[in-house]
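Let me begin by presenting the structure, written as structure tokens, before commenting on it.
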Amino acid sequence: VLEKQLQPRRLSSDQQKALSAVFIRLPGRTVSIWSYSRDIESGILASQIMDVLDSAHVPAVNMVGAMISTTIAVEGIRFTGPDDELIAALMATLKDFSPVKARYTPEPGRSVPAVEIFIGVKPIAIAK
């Protein structure tokens, strides 16, 4: 059990293909992807997703490793944005990573991507 918890999150080849298929089925949507600056594990997973975006020719904003925070770290994968259809498809595709749809509050006059993906720290279950 402990070994599984400590293994880094990675996309399998099948997951990469499924993720690419989502973007082929729902083309033309811009995606941004973020991860913490000092979290190598989440950065590698975010980079794998970025590679899929690049290979599927998805317009993407690469903010992998750009998040600096002084608050409690966000765990897991969070999706936010105005495109509910794309978010639902991504959540279904990445269900093995227990993704969460975060609250989206539009800001007037701000241009936003269809979906922002934030790869937070890997959640570790604590035995009680």
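The values are calculated or read from the model by the stated rules, or taken from the named source; none is laboratory data. This is a predicted model, so every value here is computed, not measured. Cβ coordinates were reconstructed from backbone atoms using ideal geometry, including for glycine residues, and neighbour counts include every protein chain displayed. The area values use the complete protein model at the heavy-atom level, side chains included, leaving out ligands, DNA and RNA. Shrake-Rupley method; radii C 1.70, N 1.55, O 1.52, S 1.80 Å.
Contact map, the stretch 5-25: first residue without any contact (Cβ under 8 Å) to a residue 60 or more places away in the chain, second residue in a loop (DSSP other than H, G, I, E, B) and open to solvent by less than 70 Å² (accessible area, probe 1.4 Å), Cβ cut-off under 6 Å, separation 6 or more or different chains; pairs are S20/A56; F23/A56; F23/V58. Please determine whether any residue of the stretch 36-45 is among the aromatic types (F, W, Y), open to solvent by less than 80 Å² (accessible area, probe 1.4 Å), modelled with pLDDT under 95 and closer than 17 Å to P113 by Cα. No: the stretch 36-45 contains no residue that is among the aromatic types (F, W, Y), open to solvent by less than 80 Å² (accessible area, probe 1.4 Å), modelled with pLDDT under 95 and closer than 17 Å to P113 by Cα.
All told, K101 meets the bar of being within 21 Å of R10 (Cα to Cα), open to solvent by 90 Å² or more (accessible area, probe 1.4 Å) and either touching a Phe, Trp or Tyr at 6+ places or on another chain (Cβ under 6 Å) or small (G, A, S) (or both). Checked against (1) within 21 Å of P113 (Cα to Cα); (2) open to solvent by 70 Å² or more (accessible area, probe 1.4 Å); (3) out of contact with any Gly (no Cβ under 9 Å at 6 or more places or on another chain), R78 meets all criteria but (3). Within the stretch 78-96, residues that are more than 17 Å from Q16 (Cα to Cα) reach partners that are part of a helix (DSSP H, G or I) and open to solvent by less than 30 Å² (accessible area, probe 1.4 Å) with beta carbons closer than 7 Å, at six or more positions or on different chains, in the pairs F79/I87; F79/L90; G81/I87. Residue count for the stretch 105-128, restricted to those that are closer than 20 Å to I72 by Cα, at pLDDT 85 or above and not small (G, A, S): 6.
Can you confirm whether A73 is modelled with pLDDT under 95, open to solvent by 20 Å² or more (accessible area, probe 1.4 Å) and out of contact with any Leu (no Cβ under 8 Å at 6 or more places or on another chain)? So that I can check it myself, show each step before the final result.
Working: modelled with pLDDT under 95: yes; open to solvent by 20 Å² or more (accessible area, probe 1.4 Å): yes; out of contact with any Leu (no Cβ under 8 Å at 6 or more places or on another chain): yes.
So A73 fits the description; yes.
In the stretch 15-35, the qualifying residues are those that are in contact with a helix residue (DSSP H, G or I) (Cβ under 6 Å, 6 or more places away or on another chain) and hydroxyl-bearing (S, T, Y), and the one that is nearest to E75 (Cα to Cα) is S35. Across the stretch 37-44, a minimum of one residue is classified as free of Cβ contacts under 8 Å to residues at least 12 places away in the same chain and outside any loop (DSSP other than H, G, I, E, B).
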